[in-house]
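The values are calculated or read from the model by the stated rules, or taken from the named source; none is laboratory data. For clarity, every value in this text was computed on a predicted model and none was experimentally measured. Quick reminder, even Gly has a Cβ in these numbers, built from the backbone with ideal geometry, and neighbours come from all protein chains shown. Just so you know, the surface numbers come from the protein's heavy atoms only, side chains and all, with ligands and any DNA or RNA stripped out. Shrake-Rupley method; radii C 1.70, N 1.55, O 1.52, S 1.80 Å.
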Amino acid sequence: MIRLVLAGLWVCILTAGTSYAVAYWKENGSLLPAKDEFLEGLQYQKTRALSVPMVENGNVQGYIVARFVYTVEARTMHQLNVPPEPFVVDEAFRRIYADDRLDFRKLARYDLAILTTAIKQRVNERMQAEIVQDVLVEDFNYVSKEEFQQKP
């Protein structure tokens, strides 16, 4: 007799819980918390490796080898006729090559935040819209001319 009462009580609790879950799901659309919509719509795009010659006293001393990652809204990326990668690579090359503050022998002291912000702003100006959301540095190294010419 007690088993029958406990089984009936268990069925009532299970039915009430299921009803509550279905009502909550219908009201909120999901039992899971909503995702952050800002990060959901972003695509990360990698640039090709970039070799920027470092010239000192009229001679190439070595190369800055860099690779960047930029973020673009997925919807915007599919609507573009021209991808932003050539603009990001071009701006990065121009900034690194022309920057007098860059001491290629001491890259640890170089402020990459200024570089990435400038690349982002300039690319968006050239594309005449806020296309690139952020520019990140994946790789940034100096390779001497001798190391660069050695074959593995």
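Does Arg3 fit the bill of being closer than 26 Å to Val132 by Cβ, open to solvent by 100 Å² or more (accessible area, probe 1.4 Å), modelled with pLDDT of 80 or more and of a type outside the set (Phe, Trp, Tyr)? No: the conditions fail for Arg3. When the residues of region 109-125 are filtered to those that are polar (S, T, N, Q) and either without any contact (Cβ under 8 Å) to a residue 24 or more places away in the chain or over 16 Å from Thr71 (Cβ atoms) (or both), the one that is least open to solvent (accessible area, probe 1.4 Å) is Asn124.
The set of residues from region 126-141 being open to solvent by less than 40 Å² (accessible area, probe 1.4 Å), of a type in the set (A, V, I, L, M) and in contact (Cβ under 8 Å) with a residue 60 or more places away in the chain comprises Val132, Val135. Selection of region 126-152 for residues being part of a helix (DSSP H, G or I) and closer than 18 Å to Gln43 by Cβ yields only Met127. The set of residues in region 127-142 that are more than 14 Å from Leu115 (Cα to Cα) and among the aromatic types (Phe, Trp, Tyr) contains only Tyr142. Take the residues of region 89-108 that are open to solvent by less than 100 Å² (accessible area, probe 1.4 Å) and of a type in the set (Gly, Ala, Ser): which is farthest from Phe68 (Cα to Cα)? Residue satisfying both the conditions and the ranking: Ala98.
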